[in-house]
Amino acid sequence: MTKDRTTLKLIEELNELATVLLQNYNKPKKEFTLEIQDEIADVKLWLNIVEKRYDEEYINNRIEGKKKKYKLNEYKDDFDYENGMC
């Protein structure tokens, strides 16, 4: 698969994930867990491929900086499993 094609596939999957997350938010009585999980898996697959083209150390440092900025290391689990909401 070409570089352009993998990038386009990632963009497509990101949009599908965004769509189902919005549906989950806008329709709280409907169950979207399976669809969200499917789209997360698809995004992770294509992101892993595209990510290999870039500087891994820079990306990891950026992630660590964002974790500190937003104090994400302080939260062990902010997911409400009973209601399926963050």
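The values are calculated or read from the model by the stated rules, or taken from the named source; none is laboratory data. Computed from a prediction, not measured in an experiment: that's the story for all the values here. Using ideal geometry, Cβ is built from the backbone for each residue, glycine included, and neighbour counts are taken over all protein chains shown. Note: areas computed on protein heavy atoms with side chains; ligands, DNA, RNA excluded. Shrake-Rupley method; radii C 1.70, N 1.55, O 1.52, S 1.80 Å.
Checking the structure you have, find out if any residue of the range 18-35 is within 11 Å of the chain's Cα centre (by Cα) and loosely packed, with under 14 Cβ neighbours inside 10 Å.
Our first condition is that a residue be within 11 Å of the chain's Cα centre (by Cα); within the range 18-35, this holds for 18, 21.
Next, only the ones that are loosely packed, with under 14 Cβ neighbours inside 10 Å stay: 18.
There is at least one residue in the range 18-35 that is within 11 Å of the chain's Cα centre (by Cα) and loosely packed, with under 14 Cβ neighbours inside 10 Å.
Evaluated against (1) modelled with pLDDT under 95; (2) assigned to a helix (DSSP H, G or I); (3) open to solvent by 100 Å² or more (accessible area, probe 1.4 Å), Arg5 falls short on exactly one condition, (1). Against the condition more than 22 Å from Lys9 (Cβ to Cβ), basic (Lys, Arg) and at pLDDT 95 or above, how does Lys71 come out, does it pass? No; evaluated as a whole, the condition is false for this residue.
Contact map, the range 1-28: residues that are closer than 11 Å to Val50 by Cβ paired with residues that are at pLDDT below 95 and surrounded by fewer than 12 Cβ atoms within 10 Å (Cβ to Cβ), Cβ distance under 8 Å, separation 6+ or inter-chain. Pairs shown: Lys9/Met1. Among the residues of the range 36-68, those identified as more than 19 Å from Glu12 (Cα to Cα) and either open to solvent by less than 100 Å² (accessible area, probe 1.4 Å) or modelled with pLDDT under 95 (or both) are Asp55, Ile59, Asn60, Asn61, Ile63, Glu64, Gly65, Lys66, Lys67, Lys68.
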